[in-house]
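Asker: Below is a structure I'd like to ask you about.
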Amino acid sequence: MKKLQSYQFWFITGSQHLYGEETLKQVAVNSKIIVEGLNKAEDIPAEIVFKTVATTSETIEDVIAEANFNKNCAGIITWMHTFSPSKMWIKGLKSLQKPYLHLHTQYNKEIPNEEIDMDFMNLNQAAHGDREHGFIGTRMRLSRKIVVGYWNDKRTQEKIGLWMRSVAGVMASKTLKVARFGDNMRNVAVTEGDKVEAEIKFGWSVNYYPVGDLLPYIDGISENEIDELMEEYKKEYTFKTDNLDSVRYQARMEIGIEKFLQEGGFGAFVNSFEDLHGLKQLPGLASQRLMAKGYGFGPEGDWKISAMTRVMKSMADGLRGGTSLMEDYTYHFDGDDSLILGAHMLEVCPSIAAGKPTVEVHPLGIGGKEDPARLVFEGESGKAIIVSLIDMGGRMRLIVNDIVAVKPIMEMPNLPVGRVMWKPMPNLETSAEAWISAGGAHHSVISFALSADELRDWANMMDIEFVHITQDIDINKFKQDLMISDIAWKLK
């Protein structure tokens, strides 16, 4: 997984030659000070590079063309220090292929009462220069993020940093390859979807590989390789099983699957308990471990959730809190305090574990294979989000529900899975009604690192519908908004 720190964001300051060379020199000096200050901020996760003071249409075209073809450039940030006539920006912005943030700020935080004169006013014109620049973005119907605030304030820096994380999801999407070892679970609707549309819209290349193509990688793993990984398991986890053969087979699958993924440049994969020909077990511990390394995973052939897991892990790089495949499994009804127990058969990522996971071996009950080893743990507590991407037929919809995870209210000693218990906002009854009304799937991605803000920006850059279920939701208005949105997206 490419780290967020490896990306650059190019800072382009707008001006014009009307004000003279001395003013333009000061514009450049001030722009560099702003960029240096942002790069020192703890909330800015990637490097910002000052590129130029753009004063002509040709300069703007050239720097945007360079940004388009530079693989390290993830996006551009524009700011108008003075008034920059926006017709100069049309050709450049029309050709822009990278995410775009319009920073509406100014070099000085306060008006200098004694020093302010017409020279100061000619130099510091962002208050109306950025409005001219904003108009052309709206007139051209450009997808962009607008951040308003003083550049050295933490709140402004946080907004820029969150947008950068959304851009990391865009960059991960553009190059993402998903390997499908097995197809969708038979007769299931929501895990289906238009893979051609997904590649056009997101950049995801989703292709099928028979389990038979994977078997040589798994069968070719040496006992020494398995021994080394077993030692790693013993350091990281507590063993609650004597069935080491099962654990060793999961280690064999982890190494083999990862070799296949690395060789093919895949960032995510799926499998299905209905298609395990030649495998002794359904990958449990193996899938959990690969997710912890940053790979996306989807069970029962769910390639959309696999890709979203990878994308969201890319966004969350460097943040505290894990991100994992999740599934609503069962409810605990208790009025306003009703809770959801989320889990899966085997494959919940240990990045969301509250403590040290245990390695256990238990029967699975489906699939007809040997008892698989898996990691068992309780998930962490705190604010989180649940995310579902669905195919609406002709377009994609991203659904996000704010939740608060809690320590499970009972031990559940006979439930050998990684699990999380949470209260969905605003409550179970309203949340579930909204989720079902929006078409949300049973598979989702849970993240303790991200918020709805990053997902909203990502959806905007991907040009897909975004739906947010919040503490303040009005369920009747929510349903009406879904109907209006359905019409609007069909017209679009």
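Each reported figure results from applying straightforward, stated rules to the coordinates on display, with no laboratory input. In this text, all values refer to a predicted model and were calculated from it rather than measured experimentally. Note that we place each Cβ from the backbone using ideal geometry, even for glycine, and neighbour counts take in every protein chain shown.
Asker: What net charge do the residues around Leu491 carry, taking every other residue with its C-beta under 15 Å from that of Leu491, with Lys and Arg at +1 and Asp and Glu at -1?
Answerer: +1
Asker: So, one more: Hey, how many Å between the Cα centroid of region 431-492 and the Cα centroid of region 1-74?
Answerer: Centre-to-centre (Cα) distance: 34 Å.
Asker: Which angle from 0 to 90°, rounded to the nearest 10, does the C-alpha axis of helix 21-40 make with the longest principal axis of the chain?
Answerer: 20
Asker: Can you show me the helix-derived [θ] at 222 nm for the chain, built from DSSP H runs with n ≥ 4 at -39,500 (n - 2.57) apiece and divided by the number of residues, rounded to the nearest 500.
Answerer: -12000 deg cm²/dmol
Asker: For a quick check of your reading of the filter: which trypsin sites (Lys or Arg not before Pro) in region 213-274 sit in a DSSP loop and have no more than 14 other Cβ atoms within 10 Å?
Answerer: Lys240
Asker: Further question on the same structure: With point charges of +1 on the Cβ of Lys and Arg and -1 on the Cβ of Asp and Glu, referenced to the Cα centre of region 386-486, which listed residue (Asn427, Leu455, Val406) lies farthest in the positive direction of the dipole?
Answerer: Val406
Asker: Give the separation of the Cα centroids, region 274-304 to region 308-369, in Å.
Answerer: For region 274-304 versus region 308-369, the Cα centre distance is 14 Å.
Asker: Let me ask something additional. Say the cut-off is 19 Å between C-alpha atoms; which of Lys195/Lys280; Lys145/Lys479; Lys313/Lys369; Lys201/Lys492; Lys98/Lys174 go over it?
Answerer: Pairs exceeding the cut-off: Lys195/Lys280; Lys145/Lys479; Lys313/Lys369.
Asker: Something else about it: What list do you get for Lys91, Lys51, Lys177 if you sort them by fewest beta carbons within 10 Å?
Answerer: The most exposed by this proxy come first: Lys91, Lys177, Lys51.
Asker: Helix 244-264 versus the longest principal axis of the chain: what is the Cα-based angle in degrees, 0 to 90, to the nearest 10?
Answerer: With both axes taken from Cα atoms, the answer is about 40 degrees.
Asker: Same structure, new question: List the GluC sites (Glu not before Pro) within region 1-103 that fall in a DSSP loop (any state other than H, G, I, E or B) and whose Cβ has at most 16 other Cβ atoms within 10 Å.
Answerer: Those that pass, being in a loop and sparsely packed, are Glu42.
Asker: Under 8 Å for C-alpha pairs, at least 6 residues apart: give me the relative contact order for region 177-491, rounded to a whole percent.
Answerer: Reported relative contact order: 18 percent.
Asker: On a 0 to 90 degree scale, rounded to 10, what angle separates helix 57-69 from the longest Cα axis of the chain?
Answerer: Between helix and principal axis, roughly 10 degrees.
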